[in-house]
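Input: a single structure, listed below in structure tokens.
What follows is calculated from the coordinates using simple rules that are stated; it is not laboratory data. Everything numeric here is computed off the predicted structure, so don't read it as measured data. All Cβ positions, glycine included, derive from the backbone under ideal geometry; neighbour counts span all protein chains shown.
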Amino acid sequence: MTRAEPAWQLFERHFGALRRARRTESALIFVSLILLFVVAAAWTHFSPATIFDGAPRIGEYFEKLFSIQPDQRAPPVAVLSWSHVFGGTKEPQSIAYWFYRFNVYALLLWQTVQMAILATVLGYCAAFVLSFPAARNLTTNRATVFVSRRLLEFMRTVPQVVLAFILVWPFGIGPLAGVLAITIHTAGSLGKLFSELNENADLRPVEGIRATGAGWLAQIRYAVVPSMLPGFISYALLRFEINVRSSTVIGFVGAGGIGQELKRVIGFNIYEEVSAICILILLIVVAIDLLSERVRHRLIGALR
Amino acid sequence: MSAAAAPALPRTTPLWRVMRLVIGVGVFAYLIYLLWLFDFDRVFTNLPGLWIIVRLMIDWSHFTEWDHAELLGSMAETVAMAFLGTFLATIIALPLGFLGARNIVPSAVFRFLTRRIFDGCRGLDQFIWALVFVRAVGLGPIAGILAIMVAETGILAKLFAEAIENIDNKQVESIRSTGAGQLAELRYGIVPQILPVLISQSLYSIEANSREATILGLVGAGGIGLRLSERIQINAWDQVAYIIVLILLTVTGIDLISRLLRLRLIDGPTSRG
């Protein structure tokens, strides 16, 4: 005959068991993470030594930015003064000297933004069309849903730079290949988001329109689209921000925009221009992020 | 035919209607201009070229002659790069997130500066960071890892800072009321609240980065991208298609694993925190 266990002992026992289980699980997760890290590091030859070897070269880069080499052989002389930074285009390493090709860059940046605009609009149209057959609640035919979903998946999973690289062959070097690549990617990712929105649609208006004897298209047009539009547009603006960012790099494979110029100056080792372009890209990306956030908030406010 | 029964239409003045028409026509004209600017007619005239490439892509009759070990090895390298980059970024971003959170660091100036640093890391694409690091540490996967790390640190630090700002302060106060020190407050008051965000975001980032990392090789930063660009340059379109299929399979696989892990770690039976 054993005495009944007191309540506190029972609690302690259960608590201890639970705690041990959780501790073991945490330890397991920790160990497997470390293991994964070691395996991955070994596979990629990742070692701190290489990074420390490379670190001085980053310093070198900044040193070159803020110094003048009076002659090929002479050691660079560090200069950092007010008159030097704000000097004219003739003064080496001044701001004006960095940006002496500003007009070219401005034009290319404008082209980059326009690529993003066109790709977002075209991708939006394609995503809009594809999102209705891909929504389970609006399309009864299983095969249609399956095919349109796989198509969207394919369009968004192939990396767009790869797509641009391939499209440069048939469509030639220039912004067209870039626009097409971004369009396809945009259609894929927006299409998925839109179809998810559609699946949450209220079906009562659809039934109401169907009761009047309207066809599928009319049901979509009058029952689904009006309630979904604010969400669609909000997602499209978010996508536009992402597209501006990607159109800055898509030029690396010859698909137009500022990326093509950046690749060129990096190839020629023109340090000032590399930094000038990077700064410009950063500025335009941040500016468009802020602008689009404003527009989005206002639009959502106005449409609701 | 009773007009009274009809619901009231939204008021539109003629001026507003004209304005709307003008804006609509303007936007439409601008889009047409853009189509013209980017030579959109070439899409139709050059379709036969695309067709030739597609036909070459689907011909896999030389499948056994391809260097499978190299391709699969590079694919694994890409995944390893994404994992390492995101892992390091998470470790770096966590303390940075605390520094950027309003309820931890009250100084507005300091917070403004840290937030701008996050923006700077995020603003440049991973691809551009990869170029920078290829110059610094040379060709190879390490440049790619560092590029992923820097770009991802900016993203994660911002998200973590927001998560920390949104925690429930009651839990922190109750820990403090037991007389616990600062460290215990952090460990038992704040960390359990942000852990779900941390885990799910990091998993999502690994997913996204393994997709992004496939292109870093195009600038020499390691992974499958280098193989892909080689194959494109020698017009080996069948292998290009194979590599794309490999990428699709890998990305889908990682999506699946991370979804399972997320379910297990966040909504799982033993995880209550």
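Here are some notes:
- Gyration tensor verdict on the protein assembly as shown (Cα atoms; rounded if a/c is under 1.5, prolate if a/b is larger than b/c, oblate otherwise): rounded
- Ordering A:Arg245, B:Arg115, B:Arg231 by the number of other Cβ atoms within 10 Å of each residue's own Cβ, fewest first, gives B:Arg115, B:Arg231, A:Arg245.
- For the residues A:Gln260, A:Gln219, A:Gln114, a GNM of chain A with alpha-carbon springs under 10 Å puts the largest fluctuation on A:Gln219.
- B:Trp237, B:Trp51 arranged by Cβ crowding within 10 Å, fewest neighbours leading: B:Trp51, B:Trp237
- Mean Kyte hydropathy of 1.6 or more with a Cα span along the axis of at least 20 Å, helices from DSSP in chain B: B:14-37
- Value of relative contact order over region A:101-303, rounded to a whole percent, pairs C-alpha under 8 Å and six or more apart: 26
- Summarising the label geometry, the points placed 7 Å from Cα in the beta-carbon direction at A:Glu5 and A:Val286 lie 6.1 nm from one another.
- Under the span-like rule (Cα at least 18 Å along the axis, Kyte-Doolittle mean at least -1.0), DSSP H helices of chain A: A:7-43, A:48-65, A:102-131, A:142-157, A:175-199, A:225-249, A:271-303
- For region A:251-304, the residue among A:Leu290, A:Ala276, A:Ile266 whose Cα projects farthest onto the positive side of the dipole built from Cβ charges is A:Leu290.
- Shape of chain A, Cα gyration tensor, a/c cut at 1.5: oblate
- Computed from label points 7 Å out along Cα-Cβ, the spacing between A:Leu238 and B:Ala69 is 4.6 nm.
- Spacing of the two label points (7 Å from each Cα toward its C-beta) at A:Leu33 and B:Leu21, in nm: 6.4
- Averaged over the residues of A:156-167, the number of partner chain Cβ atoms lying within 10 Å of the residue Cβ comes to 6.
- Working ranking of peptides B:150-157, B:30-37 by packing, defined as the average number of other Cβ atoms within 10 Å per residue, highest first, is B:150-157, B:30-37.
- Shown is the FRET efficiency for B:Phe112 and A:Ile279, computed with R0 = 30 Å from the Cβ-Cβ distance and rounded to the nearest 0.05: 0.95.
- Prolate/oblate/rounded call for chain B, Cα gyration tensor, a/c under 1.5 rounded: oblate
- Taking other C-beta atoms within 10 angstrom as a stand-in for reagent exposure, A:Glu207, A:Glu196 fall in the order A:Glu207, A:Glu196, fewest first.
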